[in-house]
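The values are calculated or read from the model by the stated rules, or taken from the named source; none is laboratory data. Note that this is a predicted model, so its numbers are computed, not measured. Neighbour counts are summed over all protein chains in view; Cβ atoms, including those assigned to glycine, are modelled from backbone coordinates with ideal geometry. All accessible areas refer to the heavy atoms of the entire protein, side chains included, with ligands and DNA or RNA removed. Shrake-Rupley method; radii C 1.70, N 1.55, O 1.52, S 1.80 Å.
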Amino acid sequence: MDKKVATLLNEQINKEFFSAYLYLSFANYFENEGLSGFANWYVVQAQEERDHAMLIVKYLQNNEVKVILEAIEKPENTWDDELTVLKAGLEHEKFITDSINTIYATALEVKDFRTTQFLDWFIKEQGEEETNANDLINKAQLIGKGGKGLYMLDQELGSRTYTAPSLVL
Ligand code: FEO
């Protein structure tokens, strides 16, 4: 595999594990606010992020590339309110989308079509992740501060369950 592509994929592993860490930090925030449904939603999200990291680990190993794990940055742990957290989630997903796009473009440049095909799943997944993050913001904005609406949204988010990724390597 092209060295630049391999390095970017190795770095992406760290970004995906950081995503998991950041979302666990979100989950802790919501748990402390008494919103265990929101907390559940982000715990599930963190599980998905770990899956993303592990898919890249497996892909590199399948291609005889040595995987290097770096230190994971400490995530933020204080926010002003629920909406600020949700907006931080969307911003983070946009950052991840950019990162995936960069790897895709680099792979394309060197005609590494095996990697672009592998990344197709991630490109689609990022579309879904941004849509989900946007939906949460829209719902929270409709509801406004506290009250019955927030309680009901928390109930809804509490029902999210983890499912393993559809991509098999
Ligand atoms: Fe793995 Fe939420 O991007």
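Here is a yes/no grid of residues against (1) closer than 17 Å to residue 15 by Cα; (2) under 18 Å from the mean Cα position of the chain (by Cα):
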site: 72; (1), (2): yes, yes
site: 86; (1), (2): no, yes
site: 89; (1), (2): yes, yes
site: 111; (1), (2): no, no
site: 115; (1), (2): no, no
key: Residue tally, condition assigned to a helix (DSSP H, G or I) and surrounded by 14 or more Cβ atoms within 10 Å (Cβ to Cβ), over segment 100-119   = 12
note = Counted residues in segment 106-124 being under 30 Å from residue 87 (Cβ atoms) and either at pLDDT below 95 or aliphatic (A, V, I, L, M) (or both) come to 2
ask   = Out of all the residues in segment 47-58, is one or more part of a helix (DSSP H, G or I), touching a Ser or Thr at 6+ places or on another chain (Cβ under 6 Å) and free of Cβ contacts under 8 Å to residues at least 60 places away in the same chain?
value = yes
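Would you please name the residue that is surrounded by the most Cβ atoms within 10 Å (Cβ to Cβ), looking only at residues in segment 120-146 that are more than 16 Å from the ligand (Cβ to nearest atom) and in a helix (DSSP H, G or I)? First the steps, then the outcome.
First pass over segment 120-146, keeping only residues more than 16 Å from the ligand (Cβ to nearest atom): 138-146.
Filter again for in a helix (DSSP H, G or I), leaving 138-143.
Values: 138: 11, 139: 16, 140: 20, 141: 11, 142: 9, 143: 17.
Per the stated criteria, the residue is 140.
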ask   = Which of (1) crowded, with 16+ Cβ neighbours inside 10 Å; (2) within 12 Å of the chain's Cα centre (by Cα) does residue 95 not meet, given it meets every other one?
value = (1)
inquiry  = Quick check on segment 147-158. Is at least one of its residues touching a Gly at 6+ places or on another chain (Cβ under 8 Å) and not in a helix (DSSP H, G or I)?
reply    = yes
request  = Could you figure out which of (1) open to solvent by less than 60 Å² (accessible area, probe 1.4 Å); (2) within 15 Å of the ligand (Cβ to nearest atom); (3) in a helix (DSSP H, G or I) isn't true of residue 21?
outcome  = (1)
inquiry  = Test of understanding: among 11, 33, 70, which residue is within 16 Å of the ligand (Cβ to nearest atom) and surrounded by fewer than 17 Cβ atoms within 10 Å (Cβ to Cβ)?
reply    = 11
key: So residue 83, is it assigned to a helix (DSSP H, G or I), of a type in the set (A, V, I, L, M, F, W, C) and away from the ligand (no atom under 16 Å from the Cβ)   = yes
key: Flag for residue 14 being in a helix (DSSP H, G or I), among the polar types (S, T, N, Q) and more than 19 Å from residue 125 (Cβ to Cβ)   = no
